[in-house]
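Structure record follows, encoded as structure tokens.
Here, each number is a calculation from the coordinates, and none is a lab measurement. A quick note: this is a predicted structure, and the numbers were derived from the prediction, not measured. Note: ideal-geometry Cβ built from the backbone for every residue, glycine included; neighbour counts use all protein chains shown.
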Amino acid sequence: MSLSYCQIDPVEALEGRATRITTAMAEGESKSRFKRQKVSDATDNDRANPYLSHMFEGNDAAGGHANGYGNGQTHDSAKGGMLASFKRHASTAKMAKVAEDGPNNPFKQGHQLSERYFGILKKRRDLPVHAQRQEFLDMFQKSQILVFVGETGSGKTTQIPQFVLYDDLPQLNGKMVACTQPRRVAAMSVAQRVAQELDVTLGEEVGYSIRFEDMTSQKTILKYMTDGMLLREAMNDHNLSRYSVIILDEAHERTLATDILMGLLKEVVVRRPDLKLIIMSATLDAQKFQKYFLNAPLLAVPGRTHPVEIFYTQEPERDYVEAALRTVLQIHATEPEGDILLFLTGEEEIEDAVRKINLEADEMIREADAGPLKVYPLYGTLPPMQQQRIFDPAPPPFKKGGRPGRKCIVSTNIAETSLTIDGIVYVVDPGFSKQKVYNPRIRVESLLVSPISKASAQQRAGRAGRTRPGKCFRLYTEDAFKKELIEQSYPEILRSNLASTVLELKKLGVDDLVHFDLMDPPAPETLMRALEELNYLACLDDEGELTRLGQLASEFPLDPALAVMLISSPEFYCSNEILSLTALLSVPQLFVRPASARKRADEMKELFAHQDGDHLTMLNVYHAFKSPAAQENQKQWCHDHFLSFRALQQADNVRLQLKRIMEREELELVSTPFEDRKYYENIRRALVAGFFMQVAKKDNKIYVTVKDNQNVLLHPSTVLGQESEWVIYNEFVLTSKNYIRTVTAVKPEWLLEIGENYYDLDTFSKGEVKTALMRVRDKVRKKQLIAGGR
DNA sequence: GCTATCATA
């Protein structure tokens, strides 16, 4: 298909390109490769600026004589105040307007509304959703479930929960309104914005709840939270009884947590007729939500955006990176002022592209009198300081009245949803992103560069119209867009290993997984694999019921194998160490290896290396990080040792959270004395308790995974030598070859002893692994016999 | 001889 590409040497491809551009410019046909198609709406959004709040003092606690001002309505009574005449689910937009107009704060007894409040109120009433407030209320009051469609810029995330507050009055019966977000930053910044809009202190009437931070109190009536957080709460309160209304925002993103919540809430609304549910989504798939929720009524509100012109290539591009670079330079040479956003797939590709654009731009400046061009990379693992640079203003022209300067941001799809950059006028979309895929047959998750969906393409285009009309250059044909791109990306639940999810569902009280009503049910094989995995981990018994161990494991925000390893670790006298290791294994890569200093980075890593493997090496790193020498200036220390400060900090944070759960569940925190000969051996044995299913055995030169019989290689980043016969691994990475990464040497006797059920040799197919294990088993038996005989 | 999209508890 035309979206695929053949890899050609990019440098070679780039040569001869400068001429092409110059010719194109000279002939005035710079956009000849593109066919103008249609005008689409782009995005704008009113989302809160997290920095905004610092501009205001934001405290009105000093004021507040309660008196019945104006409209003869009230003095502030204990119940209602400004809202005294409101009845639950019987209010009108008009009534809300009167209450909003003050002068007293309807949600904060005895407080007058501030000047800032009225300033914001004016702007709020300009938002598209406000025109349909009454319509919204009519539907909300009539129906238990409502699907709400609002394009970006409609104001749905900030306004709808407030509309709900005025009509649901959760304070009257001690309940809350919840609004979920897929991302933590969004939950935080939206809560902050809405607290301002309601003229209350963040954390009081309006709060948020995310992992590591609960910014709510007894007073809270509106709570923004991550979808994962609400799911956690559901585990201990199957009816989510603290809430009278639950709003699932950004449902179209179809995160795993959102999908599970939808399935769950579909059941909860039956048990709780008093609970109302609002599903908020972008336009495209609204009907699908409606249908899933038994034809719930739908309300649609337009967004407010600037138009974006879309251009397609006439012919498919062979090499999307080369085509992307060419397009960026062409825009710079020929288009009026405005910044550029280019979407590529990963760190290396992006750094490479940044380098090349810089080179070419310099040449254009020298030879074609082009304006200055600042190029910035953007991806998730980029240090925050460098991420911040994308917000720097574009460079000014070289001389007054000269050709305009601009910035060009080369980004992963982090700029598609998570980060918005103002001032982007041109988007270049090659049509690819890295996506997670799961192969249940070999139980491997991997990342693959794949064509994006139509919905993603639209989202990307929208990024060009945030501040004014923009243009989007799609590096594929219109035909490819129409015929080859799927409508929506596959939801995460269809692309993941579901071991964690199945454990969560069990804990949520869902017994019959097969009949659990999910919007997109995963393949039966994926479910079977998950159940099998949990059974081997002894989290589920043979009947599929949650065991005591499974109950415990579900308390931890960890993959089941990691949770089981942690819970078992006191038996191996090393729970303190496994606690650290578990935290380290659940954060991003510790070791930093910049292209410019690979050798020095490797030398530094050598300092921490442990001959028995990467897990122990990571533990050494953590211990060194916590040593007095490093604590003095952690950041510098990490930098000097080519370690990721962010990852280590995060690991510290996770460790603390896990430790609290250990203490709550009365799991002992113990260590083998460091001087003890068995210090490291105990840790390696504990590893086996969680990862006995991820073992490989050396067979001649290559390794073969146990049971799945996959040929694998040790990842070159390992500290382990080639001589270890049996290894456990943390992950299977499928790139240029099959690699196993983060590996540690183990003894086969431990596998038979600690992973007893899995290592029932009758279940093994004939082969080198089985024969070797049988030999080990016989040896162990003989030893036991002799020992027993004495 | 190394290819980490983005999130989440």
Legend entry - A:ARG664-A:LYS399 pseudo-label distance in nm [points 7 Å out on the Cα-to-Cβ vector]: 6.8 nm
Inset, instruction - Among DSSP beta bridges lying fully in chain A, give the percent that are antiparallel, nearest 5. - result: 40 percent
Legend entry - Inter-label distance for A:GLU753 and A:GLU335, nm, one decimal - labels placed 7 Å from Cα along Cα-to-Cβ: 6.5 nm
Legend entry - Segment A:ARG88-A:THR417, length gained on full extension (0.36 nm per residue, minus Cα span): 114.9 nm
Inset, instruction - Give me the number: length gained by fully extending A:ASP699 to A:GLN649, i.e. 0.36 nm times residue separation minus the C-alpha to C-alpha distance, one decimal in nm. - result: 14.1 nm
Inset, instruction - Please give the contour-minus-distance gain from A:GLN218 to A:GLU367: 0.36 nm per residue of separation, less the Cα-Cα distance, rounded to one decimal in nm. - result: 47.0 nm
Legend entry - √(5λ) per eigenvalue of the Cα gyration tensor, region A:82-301, largest first, Å: 25, 19, 17
Legend entry - Those trypsin sites (Lys or Arg not before Pro) in region A:684-732 that DSSP places in a loop and that have at most 10 other beta carbons within 10 Å: A:LYS701
Legend entry - Hydrodynamic radius of region A:113-223 per Kirkwood, over alpha carbon pairs, in Å: 14.7 Å
Legend entry - Pair-distance profile P(r), taking every C-alpha pair of chain A, with 10 angstrom steps and integer %: 2, 12, 19, 22, 21, 15, 7, 2, 0, 0
Legend entry - Calculated diffusion of region A:497-555, Stokes-Einstein form, Kirkwood radius summed over Cα pairs, 37 °C and 0.692 mPa s, µm²/s: 290 µm²/s
Legend entry - 3J(HN,Hα) from dihedral phi, region A:91-107, Karplus parametrisation 6.51/-1.76/1.60, rounded to Hz, x for glycine, proline: 8, 10, 4, 5, 4, 4, 4, 4, 5, 5, 6, x, x, 8, 6, x, 9
Inset, instruction - Bin all alpha-carbon pair distances of region A:695-789 at 5 Å intervals from 0 and give each bin's fraction as a whole percent. - result: 3, 13, 24, 23, 17, 11, 6, 3, 1, 0, 0
Legend entry - Rounded FRET efficiency, nearest 0.05, which uses the C-beta distance separating A:ASP138 from A:SER736 and R0 of 41 Å: 0.10
Legend entry - Pairwise FRET efficiency - A:LEU359 versus A:GLN589, Cβ, R0 = 25 Å, nearest 0.05: 0.30
Inset, instruction - Over the residues of region A:341-420, compute the C-alpha Rg and express it relative to 2.2 N^0.38 Å. - result: 1.15
Inset, instruction - For region A:504-528 and region A:550-590, compute the distance between their C-alpha centroids and round to whole Å. - result: 25 Å
Inset, instruction - For a quick protection proxy, order the peptides A:507-517, A:420-430 by their average other-Cβ count within 10 Å, most packed first. - result: A:420-430, A:507-517
Legend entry - Separation of the A:MET774 and A:ARG271 label points, Cα + 7 Å toward Cβ, nm: 5.1 nm
Legend entry - Rg/Rh ratio calculated on Cα atoms of region A:308-492 (Kirkwood radius): 0.98
Legend entry - chain A - mean residue ellipticity at 222 nm from DSSP helices (-39,500 (n - 2.57) per run, n ≥ 4, rounded to 500): -12000 deg cm²/dmol
